[in-house]
Amino acid sequence: MSPWLSVVCVLAVAAPATEGEVVLWHAYRAGEAEALELVIDDFRARHPEVKVRVLQVPYGAYPQKLRTAIPQGAGPDLFIAPNDHLRDFIERELVTTARGVPADRFDPRLMSALTLKNESWGYPLAYKTLVLFYRRDMVDAPPRDTDELLATARKLTGDGRYGFVYQASLPYYHAPWLFGFGGKLFEADRLLPFESPAAIASGDFLRRLTFEEKVTPVDISGALATELFNRGRAAMVMNGPWFVSEIAADVPWAVAPLPVVTATGMPARPFVSLDVLYRTARADGSAGAAVLTDALTSDAASLIRARVGRQPVANVAVVHDPVVESDQLLAIQARQLASTEPLPSQPVMQLAWDPYESALRQIQRGARSPEAAFREATARVLVLARPLPKAAPVRFYVLGALLLVVAGLAYALRQAKRAQVLADVRRSGPAYAFIAPAAIGMALLVGVPFVMGVGLGFFEYEGSQVRFVGLGNFASILGTNDYSPFEPMSFYFTMAVTVLWTVSNIALHVGIGFGFALLLQPTWLLGRGVFRVLLILPWAIPNYITALIFKGLFNTQLGAINALLMKVGLPAINWFDHFASAFAANLATNVWLGFPFMMVTILGALQAIPSDLYEAARVDGAGPWRRFTSITLPLVGPALVPSVVLGTIWTFNMFNVVFCVSEGQPEGATDILVTEAYRWAFMRNGRYGYAAAYSLVIFAILLLYSALTKRLLASRVAEAI
Amino acid sequence: MASIELSSVTKRYGETTIVDGISLSIADGELVVLVGPSGCGKSTLLRMVAGLLAPTAGRISIGGRDVTQLEPGDRDIAMVFQSYALYPHMSVRDNIAFPLKVRRVRPAELDERVRRVADMLGLAHLLDRRPRDLSGGQRQRVAMGRAIVREPKVFLFDEPLSNLDAALRTRMRAEIAELHARLKATMIYVTHDQHEAMTLADRIVLLNHGHIEQQGTPLDLYRRPRTRFAGEFMGSPPMNFLSVARQPDALMSPHLRVARGGLRIDDWDVLPEELVLGVRPEALRLAEHSSAPHRLDVQVAWVERTGSDSYVHARAGESSVVARVTASDGERVAAGSTVTLAFDNMSVFDRDSGLAVAHC
Ligand SMILES: Nc1ncnc2c1ncn2[C@@H]1O[C@H](COP(=O)(O)OP(=O)(O)OP(=O)(O)O)[C@@H](O)[C@H]1O
Ligand SMILES: [Mg+2]
């Protein structure tokens, strides 16, 4: 999606503020949103002169919306967002410095996380950090150090239970170990290589938990961790304060700070992430915004957030509130705060999460040594963070574009003249008048975004600056300068995977669809209708739901497929560790989704074949195989060509399956072109231009494909009956 | 070449019996036509001979070999379907060559045989066309070609001409007759067109409700129908039926009297009392121009003129009567008038059993 489209979306939700109104955006939900509402109600009662408009923005698209709405003047005066985008916000000039509220209201550690270039860029409202949850019915005393952690976990592991559960492949959850072993991510603002000795030691620890001692399961999602804990299949869970609301009512639980890393004697240091109240340029000079800022950050508001929202709050004065002190979770959060690291907000970190996650995945399964895995991740970040294309001479391109447009127009005019379009239009004037509104609507809805998308491919963002780079993005995509064309990073590798993906899918769709169609064809088959409906069902279910179900089926420890393999005495497979198996998992999912369409098409084509042709062939001496190859295949073939062409295009762009099932693992090797384009747009610091260029290349490939098949089709259809 | 032997061949679908224990011997080189009304089981019987349907009971042998359990392809037969069943995606050449290709005939020989058949059927210039680019008659010929090229022992035809117009049908009928004369192959030909049956057959087998009503040469069936049904089915327009009562000296009805003397029936007295006279339309003449012994008074309803002949549609009491008369006689008959018809040849049927008791 281009930023233009997001602009349209944002405009649709948020009409520009009227004069004097203070607009506040947030992405809170449930208890936290409730607490904020209470604070706002209180504020409205006290300051009737200030008009406040509060907008709750869905979390998923939040940073995107801020990035696009604020420069358009359609953004808020104040907004509440996490601190991990701080530098991006500053570079894009979305936020201004924090002024008007005394800094000593807040915990100095939290305040310093918001200080950059000797300025503060927001006020901390609340913070979140990982702590250790445990079931009191399983764990007597929480472990004080990692040795104790391992010992306790070992005792409580077995029979489908795990001693210690957390989302081990996420960098956010690995951070406590990394920093506890003395590792570092940044020196000043420079990202350090990942493979430091301390980091390797933390990797060894992870490997011990998951691979050697197997007290921690791999491939765990947040929801799965919750379920294991609630069912008594996880004794200890490392998680954030949000976990509380997910714990079932009947579970006896308690919280403790994270243990000390025995090897270094230092406490495990998780990230602390902040809920920050940011001010935008619109707030400058707005008296209402200043009053609201003060009220939102006040100790009174803070207390409401702590009591109602159960948020660990940043105000110093509230820490010793009796209610807060008696709340175990808040108390432990406050204690853990002493050993935390601020969540890095350097933009390059956005590029680092993904490779880092890949490294952790490999380490946790023992697929690679920590050193090798981290080294690879470092190299990958370097590639992802490669410099943007240089500015290109605009004049030259404008000239080129003009020439193209003129040539295109001239060609179109000549064609129109030859086809006597004008005369046609005049003759059927009213008819054209009737379809004109729809035609114009279509042209706007399809044409404008298309032109925007094409145009975008020639630009690149650098902070808030948009720069014309000409064909730079295309050169960078097709040039593969920073890496070998045989690496997953390369366009050619991804292209080859995409082609392999498409071809193998279509072959299986047609093959299996044919098989089932033949099975379902005989009229004497009982329950034929029921089978038909059953076999069409996979097609009727939204494909991302199926994809998520398959993702679960392929889970290493808890998935049904590995459970079956183990039942018959085969070893469990780490499906997403190797290209072949990850690709196979994707393929299985998409074959499940795709064969019914082909089956239905083939069934229709089969029924259109007169039965006396088969009888004639039998009389002519043709056996079943010969009848299949000489009659069924050639007669079904032509009917199948359009479906195959369509199916090819769908599969080529089958985003949901690849994105949800293998997620590109291992290391992006199973990504196809569209998922790669998506990653550039939405997961790698918003390289919209690059992503648009990527999409254009995909478009060109498909255009070429359909032009070729159109020719083929024209000749084949002419031959068919 | 081969003879065909059917013994007690039966086909049932659940409770319904479609073909009811038919036994039939067909001599080598004979052309047997199966006729009968629609739904009487002609196609079913033919498809069992072809091997496309398995009989519920009974045995089929071709050329002395029991083929009951064999696939169609192993029976050395060829079949021409009513729909032709040409392979739409193959050229005429490939359609004709298909049975040879399946049997792995060498390419040189295959070409030679296809060419010969195409020449024989006048298809040589159409070999590269697809079936959809052919006329109905041409398609029919291709279907024949595909059957002939195999040089099978037996040909089976299931109403091969019913999709053609009248003129073309007549021509193709002649071609099939000629083909039979040339190939001297055994043929079973299904039709419900009694005209086709009369002109083509060495022997006609008349089926009704899954059993053989009568079989014999065409003239046999025409002259000596074994049952009232046979008399009615063979011949067009169908035979006229007139109820009569047997008297000691004549067969009587209010409209006619047939004296015993003219009938030459020996055991007159054992005949049933209630009889039906069957008189063919072409046996009836206007009495004034005829010396035929028997008379029939009818009330003329209308006269149908075909040019060469006229059909006088009339009533004799409850029975309707059709007479085929010469065109000039037709001119002289007026609708509504009463005329007297004369005839000599007739069949006499038992009214209750429908069986013929005499032909004269
Ligand atoms: N599969 C079947 N199940 C039950 N009855 C069937 C089946 N196939 C055919 N019949 C019946 O068998 C009877 C004979 O069919 P058949 O096709 O042999 O008739 P036919 O003599 O060829 O008639 P036509 O001159 O109309 O082609 C018909 O009454 C038909 O309804
Ligand atoms: Mg039939």
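Each row is one residue, and each column tells you yes or no for (1) touching a residue at least 60 places away in the same chain (Cβ under 8 Å); (2) in contact with a Leu (Cβ under 7 Å, 6 or more places away or on another chain); (3) not assigned by TED's automatic domain parsing to the domain that holds A:VAL237.
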| site | (1), (2), (3) |
| --- | --- |
| A:TYR62 | no, no, yes |
| A:ALA74 | yes, yes, yes |
| A:LEU78 | yes, yes, yes |
| A:LEU110 | yes, yes, yes |
| A:SER120 | no, yes, yes |
Six or more apart or on different chains, Cβ atoms under 8 Å: show the pairs whose first residue is in the stretch B:299-313 and in a strand (DSSP E or B) and whose second is among the β-branched types (Val, Ile, Thr) and loosely packed, with under 13 Cβ neighbours inside 10 Å.
B:GLN299/B:THR338; B:VAL300/B:THR338
If you go through the stretch B:37-78, how many residues are within 11 Å of ligand 2 (Cβ to nearest atom), of a type in the set (A, V, I, L, M) and surrounded by fewer than 14 Cβ atoms within 10 Å (Cβ to Cβ)?
0
Qualifying residue in the stretch B:162-177 (condition: within 16 Å of ligand 2 (Cβ to nearest atom) and touching an Asp or Glu at 6+ places or on another chain (Cβ under 8 Å)):
yes
Among (1) out of contact with any helix residue (DSSP H, G or I) (no Cβ under 7 Å at 6 or more places or on another chain); (2) not in a strand (DSSP E or B); (3) not hydrophobic (A, V, I, L, M, F, W, C), which single condition is A:ASP275 missing?
(2)
When restricted to A:VAL448, A:VAL499, the only residue surrounded by 11 or more Cβ atoms within 10 Å (Cβ to Cβ) and within 25 Å of the chain's Cα centre (by Cα) is A:VAL499
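Kindly evaluate B:GLY41 against the criterion of being in the same structural domain as B:THR217 (by TED's automatic domain parsing), on the phi > 0 side of the Ramachandran plot, within 16 Å of ligand 1 (Cβ to nearest atom) and not basic (Lys, Arg).
yes
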Checking the conditions here, which among A:LEU343, A:LEU360, A:LEU337 is within 23 Å of A:GLY240 (Cα to Cα) and touching a strand residue (DSSP E or B) at 6+ places or on another chain (Cβ under 6 Å)?
A:LEU343
Residue identified as crowded, with 17+ Cβ neighbours inside 10 Å, under 17 Å from B:PRO237 (Cα atoms) and modelled with pLDDT under 90 among B:GLY278, B:GLY307, B:GLY330
B:GLY330
Exactly one of (1) more than 16 Å from ligand 1 (Cβ to nearest atom); (2) of a type in the set (Lys, Arg); (3) free of Cβ contacts under 8 Å to residues at least 40 places away in the same chain is unmet by B:ARG226. Its number?
(3)
Please tell me if A:ALA622 is within 10 Å of chain B (Cβ to nearest Cβ), assigned to a helix (DSSP H, G or I) and either over 30 Å from the mean Cα position of the chain (by Cα) or crowded, with 21+ Cβ neighbours inside 10 Å (or both).
no
Taking the options A:GLY513, A:GLY453, A:GLY529, name whichever one is in a helix (DSSP H, G or I), at pLDDT 85 or above and either surrounded by fewer than 20 Cβ atoms within 10 Å (Cβ to Cβ) or under 24 Å from the mean Cα position of the chain (by Cα) (or both).
A:GLY453
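Quick check on this structure: which one of A:SER581, A:SER630, A:SER662 is away from chain B (no Cβ under 14 Å) and either more than 40 Å from the chain's Cα centre (by Cα) or without any contact (Cβ under 8 Å) to a residue 12 or more places away in the chain (or both)?
Values: A:SER630 fails: away from chain B (no Cβ under 14 Å); A:SER662 fails: either more than 40 Å from the chain's Cα centre (by Cα) or without any contact (Cβ under 8 Å) to a residue 12 or more places away in the chain (or both).
After ruling out the rest, the residue left standing is A:SER581.
Considering only residues of the stretch B:195-213 that are more than 16 Å from ligand 1 (Cβ to nearest atom) and either among the polar types (S, T, N, Q) or over 8 Å from B:VAL33 (Cβ atoms) (or both), which is farthest from the other protein chains (Cβ to nearest Cβ)?
Of all residues in the stretch B:195-213, those more than 16 Å from ligand 1 (Cβ to nearest atom) come to B:198-203.
Adding the requirement that they be either among the polar types (S, T, N, Q) or over 8 Å from B:VAL33 (Cβ atoms) (or both) leaves B:198-199, B:202.
Values: B:MET198: 28, B:THR199: 26, B:ASP202: 23 Å.
Step by step, filter the stretch B:195-213, then rank; the result is B:MET198.
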Cβ-Cβ under 9 Å, sequence separation 6+ or interchain: first residue in the stretch B:64-85 and within 8 Å of chain A (Cβ to nearest Cβ) and within 16 Å of A:GLY623 (Cβ to Cβ), partner among the aliphatic types (A, V, I, L, M) and in a helix (DSSP H, G or I). Which pairs?
B:PRO72/A:VAL619; B:PRO72/B:ALA50; B:GLY73/A:ALA617; B:GLY73/A:VAL619; B:GLY73/B:VAL102
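Among the residues in the stretch B:92-106, are any away from chain A (no Cβ under 13 Å) and in a loop (DSSP other than H, G, I, E, B)?
If we filter the stretch B:92-106 for residues that are away from chain A (no Cβ under 13 Å), which is where we start, we get B:92-93, B:106.
Now restrict to residues that are in a loop (DSSP other than H, G, I, E, B): B:106.
Within the stretch B:92-106, one or more residues are away from chain A (no Cβ under 13 Å) and in a loop (DSSP other than H, G, I, E, B).
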Can you name every residue in the stretch B:139-194 that is more than 14 Å from chain A (Cβ to nearest Cβ), β-branched (Val, Ile, Thr) and more than 16 Å from ligand 1 (Cβ to nearest atom)?
B:THR170, B:ILE176, B:THR186
Within the stretch B:197-236, how many residues are touching a helix residue (DSSP H, G or I) at 6+ places or on another chain (Cβ under 8 Å) and assigned to a helix (DSSP H, G or I)?
9
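Among what's in the stretch B:250-290 and is part of a loop (DSSP other than H, G, I, E, B), in contact with a Phe, Trp or Tyr (Cβ under 9 Å, 6 or more places away or on another chain) and not small (Gly, Ala, Ser), pick the residue that is nearest to B:TYR222 (Cα to Cα). First the steps, then the outcome.
Taking the stretch B:250-290 as the starting set, the residues that turn out to be part of a loop (DSSP other than H, G, I, E, B) are B:253-255, B:264-267, B:271-273, B:280, B:284, B:290.
Retained after the next criterion (residues that are in contact with a Phe, Trp or Tyr (Cβ under 9 Å, 6 or more places away or on another chain)): B:280, B:284, B:290.
This time we only want the ones that are not small (Gly, Ala, Ser), so: B:280, B:284.
Values: B:ARG280: 10, B:LEU284: 16 Å.
Checking each candidate, the answer is B:ARG280.
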For the stretch B:49-63, give me each residue that is outside any strand (DSSP E or B), within 16 Å of ligand 1 (Cβ to nearest atom) and away from chain A (no Cβ under 13 Å).
B:PRO55, B:THR56
Residue match in the stretch B:14-35 (condition: within 14 Å of another protein chain (Cβ to nearest Cβ), of a type outside the set (Val, Ile, Thr) and away from ligand 2 (no atom under 16 Å from the Cβ))
yes
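Do we have B:ASP111 as more than 14 Å from chain A (Cβ to nearest Cβ), without any contact (Cβ under 8 Å) to a residue 24 or more places away in the chain and touching a strand residue (DSSP E or B) at 6+ places or on another chain (Cβ under 7 Å) here? Walk me through it before giving the result.
Working: more than 14 Å from chain A (Cβ to nearest Cβ): yes; without any contact (Cβ under 8 Å) to a residue 24 or more places away in the chain: yes; touching a strand residue (DSSP E or B) at 6+ places or on another chain (Cβ under 7 Å): no.
No.
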Is it true that some residue in the stretch B:144-165 is part of a helix (DSSP H, G or I) and surrounded by fewer than 17 Cβ atoms within 10 Å (Cβ to Cβ)?
no
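Scan the stretch B:4-30 for residues that are within 16 Å of ligand 1 (Cβ to nearest atom) and surrounded by fewer than 15 Cβ atoms within 10 Å (Cβ to Cβ) and jot them down.
Just the residues of the stretch B:4-30 that are within 16 Å of ligand 1 (Cβ to nearest atom), to begin with: B:6, B:9-22, B:24.
Matches in the stretch B:4-30: B:ARG12, B:TYR13, B:GLY14, B:GLU15, B:THR16.
The values are calculated or read from the model by the stated rules, or taken from the named source; none is laboratory data. As the structure is a computational prediction, the values presented were derived from the model and not from experiment. Please note: Cβ atoms are built from the backbone with ideal geometry, for glycine as well, and neighbour counts cover all protein chains shown.
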